[in-house]
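*Asks:* Below is the structure I would like to discuss, written out as structure tokens.
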Amino acid sequence: MPYLTQLADVARRTGHPVTEVSGWKRRGHGPQPEVQGIVCHHTAGPAGGGDYPSLGVVRDGRPGLDGPLSHFGLGRSGRIYVIAAGRCWHNAPSTSPRHDNSSSLGIEAENNGRQPWPQVQLDAYRSLCAELCREFGLPAARVRAHREVNTSKPDPHSIDMTEFRAAVAALVNGAPAPDSWTEEIMKELPVIRPGDDNFDVKTVRGCLFARGHVPPTAYAEVEEGLAGWLESTRCDDGLVALVRSFQQAKGLPDDGLVGPQTWAPLLRV
């Protein structure tokens with residue numbers, strides 16, 4: 001198989017913005033021998049600093065591993081970066097013969113490994129995988145997380161790959177991508193504001209505790225301790241402070257409001 005110079009055209013079929021990185025059509029560790037699978041990664045790059053701050057590393061490599069390290073980059077805005085048309089060093093050793101460097105395409109999505117995924121980035125991720133499946137005649141089952149085909153890797157973090165592949169399959173078949181269970185729930189959830197008093201506030205308290213964001217000092221002076229704190233339906237100043245701390249930890253605007261952006265990492269398992 002030659003250098004895959006059609007990759008930019010495939011990316012544009014997603015409808016998401018595309019950047020062709022200079023020299024991509026001849027970049028690679030030789031031609032790509034075959035395409036039997038797709039491997040999804042996250043960059044583990046910086047928490048901030050723009051749409052795709054990891055471009056230089058993915059394109060040029062790092063000490064001990066020459067670039068390119070992936071065929072595509074995926075920015076936080078959903079922009080697709082076409083980086084290489086030849087073989088990339090993105091998955092070795094592989095536990096799957098269909099997902100090693102010689103047999104698969106790699107997508108490196110910008111994320112530091114802890115941040116919540118912007119919805120537009122997830123949409124682009126699914127769409128790109130679907131278009132690649134169409135282009136190379138692959139079933140959605142051939143789309144794999146790095147962690148599924150390399151036992152030493154954790155990426156891409158927090159993405160349920162069963163749901164992800166179902167969404168890719170729906171796109172390949174021409175149907176809208178199904179919402180995840182968290183997205184369905186979030187459609188029905190209100191915005192929680194300081195001073196609110198309702199049972200949704202209890203949900204916020206329980207989720208914060210389950211995620212490890214409620215220190216013992218938060219309920220030290222509450223009657224019945226933690227149990228009493230969890231039963232409270234009021235969004236008081238103490239809860240708002242914990243919400244802000246959670247938002248800061250997740251890289252979200254720390255406004256103290258629990259809306260769709262904050263509900264997502266609170267509910268996600």
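*Asks:* Among the residues of region 71-86, which ones are buried (at least 23 other Cβ atoms within 10 Å of the Cβ), small (G, A, S) and under 16 Å from the mean Cα position of the chain (by Cα)?
*Replies:* The answer is G73, G75.
*Asks:* Keeping to region 23-56, report how many residues are among the hydrophobic types (A, V, I, L, M, F, W, C) and either in contact with a Lys or Arg (Cβ under 6 Å, 6 or more places away or on another chain) or crowded, with 23+ Cβ neighbours inside 10 Å (or both).
*Replies:* Just the residues of region 23-56 that are among the hydrophobic types (A, V, I, L, M, F, W, C), to begin with: 24, 35, 38-40, 44, 47, 55.
From what is left, the residues that are either in contact with a Lys or Arg (Cβ under 6 Å, 6 or more places away or on another chain) or crowded, with 23+ Cβ neighbours inside 10 Å (or both) are 24, 38-40.
Going through region 23-56 one residue at a time, the tally reaches 4.
*Asks:* Being under 22 Å from R27 (Cα atoms) and not small (G, A, S) is the filter; apply it to region 94-123 and report the residue that is nearest to the chain's Cα centre (by Cα).
*Replies:* Among them, the one singled out is E110.
*Asks:* Keeping to region 35-70, report how many residues are in contact with a Ser or Thr (Cβ under 7 Å, 6 or more places away or on another chain) and within 18 Å of E20 (Cβ to Cβ).
*Replies:* 3
*Asks:* Has region 61-76 got at least one residue that is within 23 Å of P154 (Cβ to Cβ), aromatic (F, W, Y), touching a strand residue (DSSP E or B) at 6+ places or on another chain (Cβ under 6 Å) and assigned by TED's automatic domain parsing to the domain that holds A145?
*Replies:* Within region 61-76, one or more residues are within 23 Å of P154 (Cβ to Cβ), aromatic (F, W, Y), touching a strand residue (DSSP E or B) at 6+ places or on another chain (Cβ under 6 Å) and assigned by TED's automatic domain parsing to the domain that holds A145.
*Asks:* Kindly list, by first and then second residue, each pair from a residue in region 88-104 that is under 14 Å from K153 (Cα atoms) and touching a residue at least 24 places away in the same chain (Cβ under 8 Å) to a residue that is among the β-branched types (V, I, T) and surrounded by fewer than 21 Cβ atoms within 10 Å (Cβ to Cβ), limited to pairs with Cβ atoms under 6 Å and residues at least 6 apart or on different chains.
*Replies:* none
*Asks:* Further, regarding this structure: Does F199 count as buried (at least 16 other Cβ atoms within 10 Å of the Cβ), at pLDDT 80 or above, over 23 Å from the mean Cα position of the chain (by Cα) and aromatic (F, W, Y)? Full working, then the answer.
*Replies:* Working: buried (at least 16 other Cβ atoms within 10 Å of the Cβ): no; at pLDDT 80 or above: yes; over 23 Å from the mean Cα position of the chain (by Cα): yes; aromatic (F, W, Y): yes.
Considered against the rule, which asks whether it is buried (at least 16 other Cβ atoms within 10 Å of the Cβ), at pLDDT 80 or above, over 23 Å from the mean Cα position of the chain (by Cα) and aromatic (F, W, Y), F199 comes out as no.
*Asks:* Taking P139 as the residue in question, decide whether it is farther than 20 Å from S77 by Cα and either without any contact (Cβ under 8 Å) to a residue 60 or more places away in the chain or outside the structural domain of G50 (by TED's automatic domain parsing) (or both). Explain how you work it out, then say what you get.
*Replies:* Details: farther than 20 Å from S77 by Cα: yes; either without any contact (Cβ under 8 Å) to a residue 60 or more places away in the chain or outside the structural domain of G50 (by TED's automatic domain parsing) (or both): yes.
So P139 passes the test.
*Asks:* For region 234-253, give me each residue that is surrounded by 13 or more Cβ atoms within 10 Å (Cβ to Cβ) and either in contact with an Asp or Glu (Cβ under 7 Å, 6 or more places away or on another chain) or charged (D, E, K, R) (or both).
*Replies:* Hits for region 234-253 are R234, C235, D236, R244, Q247, K250.
*Asks:* Now for a different question. When both residues are 6+ apart or on different chains and their Cβ atoms are under 6 Å apart, which pairs have a first residue that lies in region 20-39 and is closer than 11 Å to R87 by Cα, and a second that is part of a loop (DSSP other than H, G, I, E, B) and of a type in the set (K, R)?
*Replies:* Matching pairs, first to second residue: G28/R87; H29/R87; G30/R87; Q32/R87.
*Asks:* Among the residues of region 90-113, write down those that are assigned to a loop (DSSP other than H, G, I, E, B) and surrounded by 24 or more Cβ atoms within 10 Å (Cβ to Cβ). Break it down into steps so the answer makes sense when it comes.
*Replies:* In the first step, residues of region 90-113 are kept if they are assigned to a loop (DSSP other than H, G, I, E, B); the result is 90-103, 110-113.
Residues satisfying the conditions are H90, N91, H99, E110, N111.
The values are calculated or read from the model by the stated rules, or taken from the named source; none is laboratory data. Note that the structure is a prediction, hence the values are computed from the model and not measured. Don't worry about glycine lacking a Cβ; one is built from the backbone with ideal geometry, like all the others, and counts go over all protein chains shown.
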